[in-house]
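The values are calculated or read from the model by the stated rules, or taken from the named source; none is laboratory data. Since the structure is predicted, the reported quantities are computational estimates derived from the model, not experimental observations. Cβ placement follows ideal geometry from the backbone for every residue including glycine, while neighbour counts extend to all protein chains displayed. Each accessible area value is taken on the protein alone, full model and side chains, heavy atoms only, with ligands, DNA and RNA left out. Shrake-Rupley method; radii C 1.70, N 1.55, O 1.52, S 1.80 Å.
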Amino acid sequence: LIVFVDDEPDLVGLVADAVTLTLPTYRFVGTTSLQEAATQLEDVPNERIALLVADHQMGENSGVELIEAMRSRGVIAPMILYTGYAPPDIEKRAQAANATILWKPQRLKTLLHAVRRAIDIGAPCPGA
């Protein structure tokens, strides 16, 4: 399972199409809400999560909060904080949670490369 969370619906749709076409063995969940992502992940076994990509600035919340919650839950999958800006404390929290920071804006090709690389490093099971 690849999870992508960003407050830009067009970006979520674009990434959904691209990931589905280029990584067809993975299930994809894209959402514009951190709460919705957390709810959808509640019943997913940790080992089924292949990758989490979360935007930093999501209204009053931060994608780093979702990353930290998943780490606290025991998820060992690769995680990416995808952001145009993150203050130093957010960068430190992301690093402490063993998340990669990918700076916006990125070309879709670059974002997909980062997704593939993270999955390859994490070596999750196909069909996740």
task: With no solvent and one equal point scatterer placed on each C-alpha of region 50-128, evaluate the Debye formula and give log10 I(q)/I(0) for q = 0.16 Å⁻¹, two decimals.
output: -0.56
query: In whole percent, how big is the carbon plus sulfur part of the accessible area of region 11-62, probe 1.4 Å, protein atoms only?
result: 51 percent
message: At 0.36 nm per residue, and after removing the present C-alpha to C-alpha distance, how many nm does the segment from THR25 to GLU47 gain when stretched out fully?
response: 6.4 nm
- request: For region 78-110 and region 48-70, write down the distance between their C-alpha centroids in whole Å.
  value: 10 Å
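So which chymotrypsin sites (Phe, Trp or Tyr not before Pro) in region 28-91 are both in a DSSP loop and have at most 10 other Cβ atoms within 10 Å of their Cβ? Intermediate results must be reported in sequence, preceding the final value.
Values: sites: PHE28, TYR82, TYR85; in loops: TYR85.
The qualifying sites are TYR85.
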query: Just how much of LEU66 is accessible, in Å², when a 1.4 Å probe is used and the result is rounded to the nearest 10?
result: 10 Å²
message: Heavy atoms of the protein only, probe of 1.4 Å, neighbouring chains included. What is the accessible area of ILE2 in Å², nearest 10?
response: 0 Å²
query: Per the Kirkwood formula on distinct C-alpha pairs, the Rh of region 1-93 is how many angstrom?
result: 13.3 Å
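May I ask you to give the average projected area over all directions of the convex hull of the Cα atoms of region 18-61, in nm² rounded to one decimal? List each step's numbers first, then the result.
On the way: hull surface 14.5 nm².
Taking a quarter of the hull surface, the average projection is 3.6 nm².
At 1.4 Å probe radius, can you tell me the per residue accessible area of the chain in Å²?
Values: 6800 Å² over 128 residues.
Using a 1.4 Å probe on heavy atoms only, each residue of the chain averages 53 Å².
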